[in-house]
Amino acid sequence: MLRLHRYRLEYALIWPAVKLLGLLPRPVSHAVAGLFGMIVYAGAPRLRAVGQKNLAMAMPGLPAEERARILRGVFRNLARMLAEITQLPRFTRDNISQVFAYDGFENYAEAAARGRGVLYLTAHLGAWEVSAFCHATMGHPMHVLIRALDNPYLNELVNRYRTMSGNQIIEKRDFLRGILAAMKENQAVGILIDQNSSTTEGVFVDFFGIPACTAAGMARIALRTGAAVVPGFMLWNQADGRYRLRFDPPLELISTGDPDADALANTQLFMRTIEGYVRRYPDQWLWIHRRWKTRPPGAAAIY
């Protein structure tokens, strides 16, 4: 009962802020959210410590001041994405160009034309919660694989925004059946695989030269179904004040006939692709997540 009351209180505090940001002009909403992001940055020493630890491991050659700059950018990026989400109800196909532009859409179109489904390889980079909305608004709805939030009220609110342009939700607990059904219908599923995984679901692959336990389900499904794997990232472009939804050509998967070895090799390929983008846009990736929490047997804890 106490937990339910806490959930209701969280919703009661967050929903008015969401409504307010959504009513403001877009540039003002970004500015207000950016200020909030810097307040959170200043008041979240544990998150900053995780971010500093991750950056020091992944990019040891960076000066301390550069790591701090990147970390401030992470909080700004999260705040900007929050502001953008609150603005989404006002956008349609006629005005969505205010929010984003495509870069490499032909790569997505080629993958869809193969007729065996598209697995949209993405990460907690840029505005991952906005990309599916924009893509669907342009006539390309997809399924989005999510883990339900603990707070049921906030979970319902977030999913309302996720689905308002025609996208559908696949919950993690039902991921295999949901993704296989979507692939059978030549539909697209967006999957974020850049977070820490348990050893029951993941395999260890290199990420910034450090063993990182990573979910291997996407690789196994791609090999099983023949679906195209298309890297896609919604990246902020400061020059024109909007995002660019970048699609790369479908990846050439490794298939030797050994399911476990192939799952490992392709998961490594996926994480190498993501790492390349994180290196290019370091202040837009979620460094404050404990990415290397699960350790190989016998390895010392990092956090």
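Condition check ((1) closer than 22 Å to residue 130 by Cβ; (2) buried (at least 18 other Cβ atoms within 10 Å of the Cβ)) across all residues:
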{"site": "157", "(1), (2)": "yes, no"}
{"site": "160", "(1), (2)": "yes, no"}
{"site": "164", "(1), (2)": "yes, no"}
{"site": "168", "(1), (2)": "yes, no"}
{"site": "171", "(1), (2)": "yes, no"}
{"site": "177", "(1), (2)": "no, no"}
{"site": "191", "(1), (2)": "yes, yes"}
{"site": "199", "(1), (2)": "no, no"}
Original post:
Within segment 126-139, how many residues turn out to be more than 18 Å from residue 158 (Cα to Cα) and buried (at least 22 other Cβ atoms within 10 Å of the Cβ)?
Top reply: 0
Subject >> Selected residue [part of a helix (DSSP H, G or I), out of contact with any strand residue (DSSP E or B) (no Cβ under 8 Å at 6 or more places or on another chain) and surrounded by 14 or more Cβ atoms within 10 Å (Cβ to Cβ)] from 39, 70 >> reply: 70
**OP:** Being free of Cβ contacts under 8 Å to residues at least 60 places away in the same chain and among the hydroxyl-bearing types (Ser, Thr, Tyr) is the filter here, so list the residues in segment 243-267 that pass it.
**Re:** 255, 256
**OP:** Within segment 262-277, track down each residue that is under 12 Å from residue 122 (Cβ atoms) and among the β-branched types (Val, Ile, Thr).
**Re:** 273, 274
Subject >> Selection count, segment 215-258, where residues are assigned to a helix (DSSP H, G or I) and under 21 Å from residue 278 (Cα atoms) >> reply: 2
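Condition check ((1) more than 18 Å from the chain's Cα centre (by Cα); (2) of a type in the set (D, E, K, R); (3) within 25 Å of residue 223 (Cα to Cα)) across all residues:
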{"position": "85", "(1), (2), (3)": "no, no, no"}
{"position": "118", "(1), (2), (3)": "no, no, yes"}
{"position": "129", "(1), (2), (3)": "no, yes, no"}
{"position": "162", "(1), (2), (3)": "no, yes, no"}
Original post:
Here are 47, 62: which of them is in a helix (DSSP H, G or I) and either in contact (Cβ under 8 Å) with a residue 40 or more places away in the chain or within 18 Å of residue 278 (Cα to Cα) (or both)?
Top reply: 47
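Rule-based calculations on the coordinates, nothing more; no lab input. Predicted model, so just to flag it, every value in this text is computed and none were measured. FYI the Cβ positions are ideal-geometry reconstructions off the backbone, even for glycines, and counts take in every protein chain you see.
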